[in-house]
Amino acid sequence: MTDVMHSFDLFAPASIEEAAKLLDKHGKEAWIVAGGKDSFDWFKDRVKRPSAVIDITGLKQLHGVSDKGNYISIGALSTLSEIEDSSLLKKNFPLLVEAAGRVASPQIRNSGTLGGNVAQDTRCSYYRDGFPCYRAGGNTCYANTPTAMNREHALFEASRCVAVTPSDTGPALVALEADMVIARDGKTRTVSAEKFFIGPATDITRMTVLEKGDILTEVRVPKKWAGAKQYFEKVADRETWDFALVNVAMVAKVSGGKVSDVRMACGGVQCTPRRLSNVESLMKGEKVGAEMETLAKRVAARGAKALNYNHFKIPLMGNLAARAVRSLA
Amino acid sequence: MDMSENWKEDVAESEEFDFPPDPADDFEWVPATKEVAGNMPDLPLETWQSPSTSRREFLRGVVCSGVAVSAASYLWAGNSSEARAAVRGVERLVTLNINGKNRRVDVAPNETLAHTLRYKLGLTGTKIGCNRAECGACTVLADNTTIYSCSTLTHQSRGKKITSVEGVAAPDGTLHPIQQAFIDELGPQCGFCTPGQVVAAVGLLKKNPKPTEDEARRALSGNLCRCGAYDHYLKGVMRASGRA
Ligand SMILES: Cc1cc2nc3c(=O)[nH]c(=O)nc-3n(C[C@H](O)[C@H](O)[C@H](O)COP(=O)(O)OP(=O)(O)OC[C@H]3O[C@@H](n4cnc5c(N)ncnc54)[C@H](O)[C@@H]3O)c2cc1C
Ligand code: SF4
Ligand code: FES
Ligand code: FES
């Protein structure tokens, strides 16, 4: 059951300066909305009730994909469909195109933005339903109990909270070594995708480094991996609408049958996209083939701590890593 | 204040008031029955209507007078609507382009497009199934791309050309090839998902007039059908493709 949204003031700034002013003025009560596909569910459930909603879709400079020489710039307000359809991205980063194309449903991709996709909150159903858990400022985790339903929760890096990153584009951007550009008070700073996502040990109430007042303006994908081998695969309970149980993103350079460089990341297994560094290191300098597949499968989920209902993610991770390796053959 | 015919002149004379531009000046009153009919020929209402005024007719009446009143109450709100949106929040009386017509509507900040279409404009062809972007019954076109109107703020649709299921047939009432094909292929069972399926399919053919079956399946994948009539809709799209 959903309700109409709580009542709020809606602002539609036309420039970053205006948006910054509004964010400053409304402080904790301000909430940025782009496509709203994450935000409106929170509002309809009345779990989050910010009094000032700032619709940033009018910020023209945050739209569009363009070639900047060393990197490709993707405006934070580019919709996932725009990414899917971009010939520039198809040519250089099919991995990201594929990841964006596996998000939710066509209609959601037509209005959901890349910025919203990386900045979205976790989908832990207890938290989304308004349970007063650690992440919501309370003092318990409802997902990590003997009887809790936690088949979608984390295998790694749990720290009180066992929620996972829901984003499909996140692991792709981590694999591609993308940089996130964040504006605040007229200044901008750049954070690598890997540092952009944060776990509960850093701050249990946030999923990313974004704080109230920050605006993600742009994602920069360096050309380093353009033309390299790229692989994305997502496993979910259903093909449409559903979040990843596990997804995998890989970029690799292969010469003479040997892997010279590789990055691999998984979503859905911890609070941030997880670099599979042990798979990466066993691949580097080695010959692509069945043996590499077997090894990748064996080490991918090493160190996993399963909860009551999410053991299945361990072989799933191994298999996805192995399939990524197989794609290089 | 007495809202007589000439209340504006009264105010202007008595208080020597310099009027700000009136956002309601170009407000066009359209009789309620015309609104629902949209692009369709006028229906003989008597054939199905109960002897008393139907509930829908009643609701539409009340909503319309609400629009007129708030038009007056927003008179004083300054000049440039863009500047106002940034500093004081969005203007409530907005112009929307729906099915090729400009419509002035009073829209609350937290109102969804599905709500505005159904309960303010009487365009009840757009259905609300889940109200949270998970079923597709509320699908409409915004500048020819499909969106879920239940999860879009009406204010975010300003400046876009919105097409609801009422707007896909030709002005003379000839059905869109998709609509005809869905009839020919016995697409709908209960029919609740049908308006969303029609709009999603029309959106597909606008971008890709000759889709493969896989492309069509993917384009309709954001539309749930509880009756499971997916294959019928898919056949309908294939039948209509190339003729849209
Ligand atoms: C039914 C359903 C299924 C889904 N399935 C998937 C899926 O399979 N995979 C997946 O990855 N996602 C999925 N999602 C999530 C959805 O795709 C993403 O949430 C979407 O991309 C969000 O984009 P948005 O612009 O609509 O976000 P919004 O709701 O507008 O924003 C989301 C959050 O990000 C913040 N934000 C947005 N833009 C900025 C910015 N520029 N700067 C700072 N903060 C910002 C907002 O304040 C808000 O907190 C699903 C969502 C739904 C409703
Ligand atoms: S997993 Fe995290 S978000 Fe979910 S109930 Fe536990 S503390 Fe809350
Ligand atoms: S009512 Fe909008 S998607 Fe279900
Ligand atoms: S025809 Fe009944 S839901 Fe689709």
**Request:** Please enumerate the residues belonging to the stretch A:99-146 that are closer than 30 Å to residue A:85 by Cβ and either free of Cβ contacts under 8 Å to residues at least 24 places away in the same chain or within 16 Å of ligand 3 (Cβ to nearest atom) (or both).
**Result:** A:101, A:103, A:104, A:105, A:106, A:107, A:108, A:109, A:110, A:111, A:112
**Prompt:** If you check residue B:226 against the conditions, is it within 14 Å of chain A (Cβ to nearest Cβ), within 16 Å of ligand 4 (Cβ to nearest atom), farther than 30 Å from residue B:108 by Cβ and charged (D, E, K, R)?
**Reply:** no
**Asked** Taking residue A:14, is it farther than 16 Å from residue A:120 by Cβ and not assigned by TED's automatic domain parsing to the domain that holds residue A:113?
**Response** yes
**Asked** Within the stretch A:285-311, which residues are surrounded by 13 or more Cβ atoms within 10 Å (Cβ to Cβ) and of a type in the set (A, V, I, L, M, F, W, C)?
**Response** A:288, A:292, A:295, A:296, A:299, A:300, A:301, A:304, A:306, A:307
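Across the stretch B:106-155, what is the total count of residues that are among the hydroxyl-bearing types (Ser, Thr, Tyr), surrounded by fewer than 20 Cβ atoms within 10 Å (Cβ to Cβ) and either more than 10 Å from chain A (Cβ to nearest Cβ) or assigned to a helix (DSSP H, G or I) (or both)?
Total satisfying the criteria: 2.
Could you run through the stretch B:178-225 and say how many residues are hydroxyl-bearing (Ser, Thr, Tyr), more than 16 Å from ligand 1 (Cβ to nearest atom) and free of Cβ contacts under 8 Å to residues at least 12 places away in the same chain?
Within the stretch B:178-225, the first condition is being hydroxyl-bearing (Ser, Thr, Tyr), and the residues that meet it are B:194, B:212, B:221.
Going one step further and asking which of them are more than 16 Å from ligand 1 (Cβ to nearest atom), we end up with B:194, B:212.
Now narrow it down to the ones that are free of Cβ contacts under 8 Å to residues at least 12 places away in the same chain: B:212.
Adding up the residues that qualify gives 1.
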**Request:** Would you mind stating whether residue B:211 is buried (at least 16 other Cβ atoms within 10 Å of the Cβ), over 15 Å from residue B:136 (Cβ atoms) and within 14 Å of another protein chain (Cβ to nearest Cβ)?
**Result:** yes
**Message:** Anything in the stretch A:6-50 that is assigned to a loop (DSSP other than H, G, I, E, B), farther than 20 Å from residue A:76 by Cβ and touching a residue at least 40 places away in the same chain (Cβ under 8 Å)? List them, or say none.
**Reply:** A:6, A:8, A:45, A:46, A:47, A:49
**Request:** Within the stretch A:241-253, work out how many residues are over 13 Å from residue A:231 (Cα atoms) and not charged (D, E, K, R).
**Result:** 5
**Item:** Filter result (surrounded by fewer than 20 Cβ atoms within 10 Å (Cβ to Cβ) and more than 14 Å from chain B (Cβ to nearest Cβ)) within the stretch A:72-120
**Value:** A:73, A:87, A:88, A:90, A:91, A:94
**Complete:** Listed by first then second residue, the pairs whose first member lies in the stretch A:70-89 and is in a strand (DSSP E or B), whose partner is away from ligand 3 (no atom under 16 Å from the Cβ) and of a type in the set (Gly, Ala, Ser), with beta carbons under 6 Å and at least 6 positions apart or on separate chains, are A:73/A:66; A:75/A:64
**Item:** Extreme residue, nearest to residue B:144 (Cα to Cα), among residues of the stretch B:182-202 that are buried (at least 24 other Cβ atoms within 10 Å of the Cβ) and more than 14 Å from ligand 3 (Cβ to nearest atom)
**Value:** B:202
**Request:** Specify which of the listed residues (B:127, B:161) is charged (D, E, K, R) and touching a Leu at 6+ places or on another chain (Cβ under 9 Å).
**Result:** B:161
**Prompt:** What is the number of the single condition among (1) touching a residue at least 40 places away in the same chain (Cβ under 8 Å); (2) in a helix (DSSP H, G or I); (3) of a type outside the set (Phe, Trp, Tyr); (4) buried (at least 22 other Cβ atoms within 10 Å of the Cβ) that residue A:61 does not meet?
**Reply:** (4)
**Request:** Please report, ordered by residue number, the helices (runs of 4 or more DSSP H) entirely within the stretch A:97-149 with at least 1 residues that are in the same structural domain as residue A:243 (by TED's automatic domain parsing) and acidic (Asp, Glu).
**Result:** none
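So that you can scan it fast, the table gives a plain yes or no per residue for (1) modelled with pLDDT under 95; (2) under 18 Å from residue A:105 (Cα atoms); (3) within 16 Å of ligand 1 (Cβ to nearest atom):
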{"residue": "B:91", "(1), (2), (3)": "yes, no, no"}
{"residue": "B:103", "(1), (2), (3)": "no, no, no"}
{"residue": "B:108", "(1), (2), (3)": "no, no, no"}
{"residue": "B:115", "(1), (2), (3)": "no, no, no"}
{"residue": "B:121", "(1), (2), (3)": "no, no, no"}
{"residue": "B:129", "(1), (2), (3)": "no, yes, yes"}
{"residue": "B:142", "(1), (2), (3)": "no, yes, yes"}
{"residue": "B:147", "(1), (2), (3)": "no, yes, yes"}
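Consider residue A:54 carefully, then state whether it is at the interface with another protein chain (Cβ under 10 Å from one of its Cβ atoms), buried (at least 19 other Cβ atoms within 10 Å of the Cβ) and either outside any strand (DSSP E or B) or modelled with pLDDT of 95 or more (or both). Before the answer, list the steps.
Details: at the interface with another protein chain (Cβ under 10 Å from one of its Cβ atoms): yes; buried (at least 19 other Cβ atoms within 10 Å of the Cβ): yes; either outside any strand (DSSP E or B) or modelled with pLDDT of 95 or more (or both): yes.
Considered against the rule, which asks whether it is at the interface with another protein chain (Cβ under 10 Å from one of its Cβ atoms), buried (at least 19 other Cβ atoms within 10 Å of the Cβ) and either outside any strand (DSSP E or B) or modelled with pLDDT of 95 or more (or both), residue A:54 comes out as yes.
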**Asked** Right, residue A:269: part of a loop (DSSP other than H, G, I, E, B), surrounded by 22 or more Cβ atoms within 10 Å (Cβ to Cβ) and in contact with a helix residue (DSSP H, G or I) (Cβ under 8 Å, 6 or more places away or on another chain) or not?
**Response** yes
**Message:** Would you confirm whether or not the stretch A:131-143 contains a residue that is within 14 Å of another protein chain (Cβ to nearest Cβ) and crowded, with 24+ Cβ neighbours inside 10 Å?
**Reply:** no
**Asked** Which residues, counting only those in the stretch A:153-172, are surrounded by fewer than 24 Cβ atoms within 10 Å (Cβ to Cβ) and assigned to a loop (DSSP other than H, G, I, E, B)?
**Response** A:156, A:157, A:158, A:160, A:166
**Prompt:** Between a first residue in the stretch A:266-279 that is among the charged types (D, E, K, R) and a second residue that is buried (at least 24 other Cβ atoms within 10 Å of the Cβ), which pairs have beta carbons less than 7 Å apart while being 6 or more apart in sequence or on different chains?
**Reply:** A:274/A:265; A:274/A:266; A:275/A:174; A:275/A:265
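The values are calculated or read from the model by the stated rules, or taken from the named source; none is laboratory data. All figures in this text were calculated on a predicted structure; none of them were measured in a lab. Note: ideal-geometry Cβ built from the backbone for every residue, glycine included; neighbour counts use all protein chains shown.
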